[in-house]
1. Filter the range 665-701 down to the residues that are under 30 Å from G411 (Cβ atoms) and touching a Leu at 6+ places or on another chain (Cβ under 7 Å) and list them by number.
2. Residue under question is V620, and the condition is that it be exposed (fewer than 15 other Cβ atoms within 10 Å of the Cβ), of a type outside the set (D, E) and more than 22 Å from A593 (Cα to Cα); does it hold?
3. Quick check on R435: is it surrounded by 15 or more Cβ atoms within 10 Å (Cβ to Cβ) and at pLDDT below 80?
4. Going by what's in this entry, would T695 be described as among the β-branched types (V, I, T), more than 26 Å from R608 (Cα to Cα) and surrounded by 20 or more Cβ atoms within 10 Å (Cβ to Cβ)?
5. Looking at the range 93-110 only, could you name the residues that are aliphatic (A, V, I, L, M) and modelled with pLDDT of 85 or more?
6. Let me spell it out: the conditions are (1) modelled with pLDDT of 85 or more; (2) crowded, with 17+ Cβ neighbours inside 10 Å; (3) closer than 26 Å to N389 by Cα, and E604 meets all of them except one. Which number is the exception?
7. Quick one: count up the residues across the range 163-202 that are basic (K, R) and touching a residue at least 60 places away in the same chain (Cβ under 8 Å).
Amino acid sequence: MPKPTELLTAALSALATETEADDALAAIDGWKPVDWRRALLDLPLDERGYYERFEVDHRAAIARLWDWWGKAREDDPRLRPETVGCFGFYLLMVVAIHCSERARFHGDSDVVVDVGGRPVPAAAISAELVEDDWVRRAIEQLYDPKFGRARSGDGSEAKQARKGWQKIDFGSLRFHRHGTTSIILRGRSARPEDSPSLEIAFKCLIYPYQRQAPIAMATRSYASDYSAFTADDSPMAGVWASHESWILMSFLPGQTLAERLRSRPKVPPSARKVTIRQIDIEELDRLGGALLYALSEMEKLGCRHQDLAPSNIIVQDRGDRVQIRFIDLGVNHLYTRTLPGEPLGEAKYAAPEVRRVGRGNGEADLYSLGRLLLAISGAELQPDGSLPNHTYVLSIGMARLIEDLVDARPGYRLLVTPIDPGRSRLDQVSEVFRREMELIRESARLAPEGALEKLRSHSPGAGTVSRQGRIMRVRKRQSGDSPHLRQAQRLQRWAWVAAVLVWATAALVVTWWAEDLGISWQAKWIEMVNNVLAKAGTDVKPFTAMRLHGYDMPDPMGNLPARIVGASFALVNARLYLNLFAELSPLSQLPRAGRQRLLTIATEVGLRSMAVLPSLSVIVPTLFQGDWWTISTQLSLIWTAVVFSVFIAFERDTHRRARAEGLSTVPELEFPPGRLARWRPTLILYCVGALGMGTLIMLGLVQDVLVYACFVTAINLSIYYFKSAGSDAPRVRTELSRAFLAAERLDHLKARRASEEAAAKS
């Protein structure tokens, strides 16, 4: 006697070719639900297995059966209507299996099948199939709780399943969407007076997945595991009943987070601007806050989700606010069957330990939360597990929080975020998130808008001091006296020093230039100096005594090289500090020792020196001896090269230690060449040229001094002012921020280990 799948193979061929009455079709036409169940359970769950069994791939099988369904199903004389409905259900299962495979192994969310030369969405095929009365009849017969382990007499689970089954109005069922292991139908309750809600969600396990014991067991026990947590005010969907092949729940209106993310306009960033790509701040604020609130409420109920993915999150927009609800709790056991490497589709939201062994502890939801916040903001983790560069441009504080959530090792999560063990962890994470969002909103409000503001953004300071002041006031309002506030105050003071020095330097250069040109003007700052020194007038006589022998004024052409080079260096270095370094510091709240302490101090000194020394290198030759501009330029360039080398050494050391400790939030390469590393060869070449030409000028061997000065000025303004201190600034801030945060995480990891060792000894 032929096996069910052999009969099915022959019958499918007869349907596709529209042959006359066939023995296989005749045999199948007499099948009972138990025979169909046996054949459906034997369906292969992968494309290759299906091809080997039926000698046709999923897409071709769907196209053939869909063509038959559309043309001949209503008047096919070879089959009873019941059999036609079961063939429709078979097609529904093949479509669901295909969508499952495309989602798991290819990351496809919207599967399309070519039918008759035109693309048809798989969801549209499933929707039309479920519209058919005989297909719904097949669903009712083939998911009947009399099949499977939860039969009558099997205890409370079986009774609950049968009671829930009686509440389904099968005539109202309609297709809702495909899941990874299921199809979700929507309908009405047959007993609204005895039901938690009028609308139901009927999650039907894809038939052959019932052979997978972990999946079938988790489905069967779903109601007993989670119904206690699904009260009316719970963030989880209400569970009515479950069987090893289905789950019955209250239907939650709204978009899934996956649908909401897909519906956002996608503007692919150019490669040049990928680091400064805009973040969806409004969506991150609304959805991120609502997500954290819902997770916190679920944690208070003593429940964990363990499968936080966009398709398992319902977003209900209430106008002035957004409410998040959860469905499909529990580990998705298919995650252990994904391909090696970066997981595709929604498997990437599962914590690595869940994908590895099929289970997770309380840290698994933290990882999923971090990835969801990234996705909401419009970003994704890099394949090596590190955060994308533009996350650090958004906010160092938010990058710190997300790093603290998405580390691949469960023990490294919430390493830096201060957590009081006596309070809800997610409540505390939510507080940190709200504080950082307030700072992000303040920064966004101060972002340049309009042509005039964008033009002003090219000024040396670009509003850094005022922005720092406003952000610092927000932080002070949030947390009072805190380490982050004290650091922000210190950095703002340095920004003030840099800003005052750059304007003082610019005023000095412009004033001396005006005197060289014989231009008389009322310089108020000189008048103030004269008043302090009890001198009268608005000329520069108080500074005349500072000039050394040979420094003639006025001498327009003789002093022109010093003026233009000094002005260009003042502008470049001011913008370099205020745009790149003013808001960064490697200092840690925890003590460091040895090489790390030395590199930290050297990096901090280098950062702050960039606020002062470049301006001094312009002020000194301007006040004392104009011919010193060459040696001053050389010293300034050499110091900058040394400082950048210190920064690179700090980055290399931190990266090496972080990879040795297994921090997944740093790039996987031995040391990824950053923007500073690319700058250094150019800067060294510039130093060598400046040293050589400057020495020749000082020795009197070169006469075209003005040509050289104009060349240096052009390089300063074109390359260093607009590119290095302008368009490259976010990239440099990003790599330094990444290194400083990694060093901070290493400090806390070391402190945690020391605390654990002390506790073990005591």
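The values are calculated or read from the model by the stated rules, or taken from the named source; none is laboratory data. The model shown is predicted, which means the values in this text are computed figures rather than measured ones. We place every Cβ from the backbone using ideal geometry, glycine too, and count neighbours over all the protein chains shown.
1. Restricting attention to the range 665-701, the residues satisfying the condition of being under 30 Å from G411 (Cβ atoms) are 665-672, 674.
T665, the sole residue that qualifies.
2. Values: exposed (fewer than 15 other Cβ atoms within 10 Å of the Cβ): no; of a type outside the set (D, E): yes; more than 22 Å from A593 (Cα to Cα): yes.
No, not satisfied.
3. Spelling it out, it is not the case that R435 is surrounded by 15 or more Cβ atoms within 10 Å (Cβ to Cβ) and at pLDDT below 80.
4. Values: among the β-branched types (V, I, T): yes; more than 26 Å from R608 (Cα to Cα): yes; surrounded by 20 or more Cβ atoms within 10 Å (Cβ to Cβ): no.
So T695 does not fit the description; no.
5. In the first step, residues of the range 93-110 are kept if they are aliphatic (A, V, I, L, M); the result is 93-97, 103.
Those that are aliphatic (A, V, I, L, M) and modelled with pLDDT of 85 or more: M93, V94, V95, A96, I97.
6. (2)
7. Of all residues in the range 163-202, those basic (K, R) come to 163, 167, 174, 177, 186, 188, 191.
When the remaining residues are screened for being touching a residue at least 60 places away in the same chain (Cβ under 8 Å), the result is 163, 167, 177, 186.
Of the residues in the range 163-202, 4 are basic (K, R) and touching a residue at least 60 places away in the same chain (Cβ under 8 Å).
Conditions (1) modelled with pLDDT of 90 or more; (2) out of contact with any helix residue (DSSP H, G or I) (no Cβ under 7 Å at 6 or more places or on another chain), marked per residue:
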| site | (1), (2) |
| --- | --- |
| G30 | no, yes |
| W36 | yes, no |
| G49 | no, yes |
| F54 | no, no |
| W69 | no, no |
| D75 | no, yes |
